[in-house]
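Take a look at the structure below.
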């Protein structure tokens with residue numbers, strides 16, 4: 001027999017060793033996910049920043065000539081905030097839609113299911129890491145735009161920049177987790193990107209004012225949650241929006257809560273993860 005050390009700490013029967021939140025495990029998962037994308041930061045942070053700047057240059061040259069203005073603002077100032085948050089959202093989705101999918105394809109999904117982490121802790125770790133990447137991309141793009149001639153990106157309502165930036169990043173992070181749970185191969189994730197994320201992003205009012213659309217198309221745009229992210233984030237920089245700011249802020253909070261609940265239920269049931 002193996003003698004047990006006398007100073008071994010044991011919990012009483014029925015008393016959980018981790019009573020509330022496994023902070024150590026949650027921190028380890030978060031750091032793992034952040035290190036994963038940070039090891040290839042040239043691809044995950046700086047490349048998206050350069051791509052977003054190219055969008056700014058192309059659309060400014062193509063459509064912003066002749067002193068064109070939208071909603072009373074120079075065209076470059078109008079599209080810059082939308083480009084920043086669009087880059088944030090796209091990268092939040094790319095990050096959160098990768099981890100579980102790769103785990104299923106490589107047979108390492110057990111690394112997420114085996115540790116003593118609750119579904120809520122796993123979800124929080126994945127979403128937090130995706131939002132971290134989104135914020136880093138947003139900061140990189142914003143910093144570059146600060147030195148870009150002819151563009152003013154100084155926030156006027158900092159609370160709106162923070163709120164809508166985080167809500168937009170969380171929205172795509174939850175959507176990415178859902179995609180990662182559902183998808184069985186990279187083609188499935190690419191289909192969501194090409195047929196859901198990209199159309200909603202490009203038709204969200206990033207490059208135009210929704211007020212210029214026909215009434216029927218305005219109603220369709222108002223059903224797009226990306227529209228409220230773009231409009232609210234733009235309001236934070238130029239003080240002008242084509243949607244009610246408080247309604248948009250509340251709507252995004254409700255959508256994120258619903259998506260988070262769905263992700264939690266699917267993770268708790270192990271749908272397409274434990275089969």
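The figures follow:
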| item | result |
| --- | --- |
| The chain: C-alpha gyration tensor shape, a/c 1.5 cut-off, then a/b vs b/c | prolate |
| Using alpha-carbon coordinates, inclination of helix 225-238 to the longest axis of the chain, degrees | 60 |
| Ratio Rg/Rh [Cα only; Rh per Kirkwood] for the range 68-160 | 1.17 |
| Per-residue Cβ neighbour rank within 10 angstrom, fewest leading, 265, 70, 34 | 265, 34, 70 |
| Between helix 47-63 and the chain: long-axis angle, C-alpha atoms, 0 to 90°, nearest 10 | 20 |
| Residue-averaged 222 nm ellipticity for the chain, from DSSP H runs of 4+ at -39500 (n - 2.57), nearest 500 | -21500 deg cm²/dmol |
| Residue order, fewest to most beta carbons within 10 Å, for 167, 89 | 167, 89 |
| Label-point gap, in nm, between residue 186 and residue 61 - each point 7 angstrom along Cα→Cβ | 3.1 |
| Residue order, fewest to most surrounding Cβ atoms within 10 angstrom, among 31, 181 | 31, 181 |
| Length added when fully stretched, residue 216-residue 156, from 0.36 nm per residue minus Cα-Cα | 18.4 nm |
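Since every read-out is calculated from the coordinates, none of them should be taken as a lab result. In this text, all values refer to a predicted model and were calculated from it rather than measured experimentally. Please note: Cβ atoms are built from the backbone with ideal geometry, for glycine as well, and neighbour counts cover all protein chains shown.
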